[in-house]
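This report concerns only the one structure given below.
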Amino acid sequence: MPKTKFPPLVAGNWKMNGTLASLEEIDKLKEHLKNADPACDIMICPPFTLLFPMSERLGDSRIAMGGQDCHWEVSGAHTGDVAAEMIAETGAAACIVGHSERRADHGETDEIVSRKAAAAHRAGLVAIICIGETIEEREAGKTLDVISTQLKGSVPSGSDAANTIIAYEPVWAIGTGHTPTTEQVAEVHAHIRKELAGIVGAEEAEGMRILYGGSVKPANAAELMSVENVNGALVGGASLKADDFFGIIKAYM
């Protein structure tokens with residue numbers, strides 16, 4: 001199994017969920033971690049409105065914070081958008097870009113995702129670049145072709161194992177309760193590692209973390225996290241409750 005340069009990462013994407021009252025879950029998660037020492041990094045990516053208050057609530061805990069999206073410009077006439085530099089100012093360490101929901105709901109292309117990832121790098125953030133196929137693409141046998149195209153179009157120049165993480169999220173598994181088999185996950189993650197070698201070079205590809213996302217929950221986390229070339233998880237709904245999220249983190253204990 002390739003030896004990545006960094007520990008596995010379990011990251012929670014809260015999506016458009018959470019108010020100030022939700023920060024109680026952060027307190028519960030910190031309590032869970034008091035007497036635990038999981039062999040992974042931990043991150044929560046809340047909605048923009050919670051970035052500053054969550055940063056304060058996290059304090060000096062081992063839980064990092066990330067944003068869910070960013071614009072590619074530093075500033076400008078982009079009503080409703082948020083620059084990567086603004087996200088970095090909240091104390092965030094990373095930013096998700098290219099999530100399938102952004103690609104589908106907002107028409108984000110690989111080129112746009114690449115520009116956003118480059119903006120994250122510019123602001124000193126780790127770019128978590130999401131890729132994944134639809135059920136139609138999988139049933140047509142196009143999964144690996146789709147993954148290759150998305151990687152080549154979405155990973156900007158200057159990407160390396162320190163500033164970039166790839167998250168494979170089969171669109172058909174996100175929030176559906178359907179999970180690929182471990183063989184399917186292994187096949188795609190191995191393909192991602194191979195394709196990355198041609199994009200960022202063999203050494204950086206070997207060290208880059210590749211997360212799996214898509215209906216990850218406590219019941220299947222250990223099995224999924226043990227798959228070859230899986231270096232952590234990008235968790236959706238199960239990250240909203242500390243008990244469930246910690247249940248996934250326990251895959252690394």
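Taking a ≥ b ≥ c as the square roots of the eigenvalues of the alpha carbon gyration tensor, segment 157-216 is prolate, as a/c is not under 1.5 and a/b beats b/c. Peptides 196-209, 20-33 ranked from most to least packed give 196-209, 20-33, packing being the mean of other C-beta atoms within 10 angstrom over each peptide's residues. For the pair segment 51-66 / segment 67-128, the C-alpha centres are spaced 19 Å from each other. With θ taken as phi - 60° and the Karplus curve 6.51 cos²θ - 1.76 cosθ + 1.60 applied, the whole-hertz 3J(HN,Hα) list for segment 75-92 is 6, x, 7, 10, 3, x, 8, 10, 7, 4, 5, 5, 5, 4, 5, 7, x, 5 Hz, x standing for glycine and proline. Think of each Lys and Arg Cβ as +1 and each Asp and Glu Cβ as -1; about the Cα centre, that makes the dipole of segment 165-253 roughly 260 debye. For segment 213-225, putting each phi into the Karplus relation 6.51 cos²θ - 1.76 cosθ + 1.60 with θ = phi - 60° gives couplings of x, x, 6, 7, 8, x, 5, 10, 4, 4, 5, 5, 6 Hz, in residue order, rounded to whole numbers and with x for Gly and Pro.
Using Cα pairs under 8 angstrom and six or more residues apart, how large is the relative contact order of the chain, in percent?
23 percent
Computed over segment 93-242, relative contact order equals 21 percent, with contacts defined as Cα pairs under 8 Å that lie 6+ residues apart.
If only the Cβ of Lys and Arg carry +1 and only the Cβ of Asp and Glu carry -1, the dipole of segment 93-242 around its Cα centre is close to 480 debye.
Between Ala221, Ala36, Ala119, where does the largest GNM mean-square fluctuation fall for the chain, given springs only between Cα atoms within less than 10 Å? In the Gaussian network model the winner is Ala36.
Quick one: length gained pulling Lys28 to Ala162 fully straight, 0.36 nm per residue minus the C-alpha distance?
Gain in length upon complete extension: 45.3 nm.
Give the average over all directions of the projected area of the C-alpha convex hull of segment 185-253, one decimal, in nm². For segment 185-253, the mean projected area of the Cα convex hull comes to 4.7 nm². Mean residue ellipticity, 222 nm, helices only, the chain: the sum of -39500 (n - 2.57) across DSSP H runs of n ≥ 4, divided by residue count and rounded to 500, is -11500 deg cm²/dmol. Using a Gaussian network model of the chain in which every pair of alpha carbons under 10 angstrom is joined by a spring, one finds that among Gln184, Gln68, Gln150 the greatest mean-square fluctuation is at Gln184. Here the convex hull built on the C-alpha positions of segment 125-172 has a volume of 61 cubic angstrom per residue. As a calculated quantity, the FRET efficiency between Glu73 and Thr109 at R0 = 22 Å, using C-beta atoms, amounts to about 0.85.
Sorted ascending by nearby beta carbons within 10 Å, beginning with the fewest, Met253, Met43, Met225 become Met253, Met225, Met43. For Asp41, nonlocal amide neighbours, meaning residues 5 or more places apart or on other chains whose placed amide H falls under 5 Å from its own, are Leu9, Val10.
If you take the C-alpha gyration tensor of segment 79-177, multiply each eigenvalue by 5 and take the square root, what semi-axes do you get, largest first, in whole Å?
25, 15, 12
Sequentially through segment 237-249, phi angles give Karplus couplings (6.51, -1.76, 1.60; θ = phi - 60°) of x, 5, 8, 6, 10, 4, 4, 5, 5, 5, x, 7, 4 Hz, Gly and Pro residues having no value and appearing as x. In terms of the Cα gyration tensor, with a ≥ b ≥ c the square roots of its eigenvalues, is segment 130-253 rounded because a/c is under 1.5, prolate because a/b exceeds b/c, or oblate? Oblate shape, in that a/c is at least 1.5 and b/c is the bigger or equal ratio. Between Ala222 and Asp37, the contour length at 0.36 nm per residue exceeds the Cα-Cα span by 65.0 nm. Peptides 137-148, 94-105 ordered by packing proxy, namely the average of other Cβ atoms within 10 Å per residue, highest first: 94-105, 137-148.
Taken together, the values in this text are just the output of simple stated rules run on the coordinates, not laboratory data. All figures in this text were calculated on a predicted structure; none of them were measured in a lab. All Cβ positions, glycine included, derive from the backbone under ideal geometry; neighbour counts span all protein chains shown.
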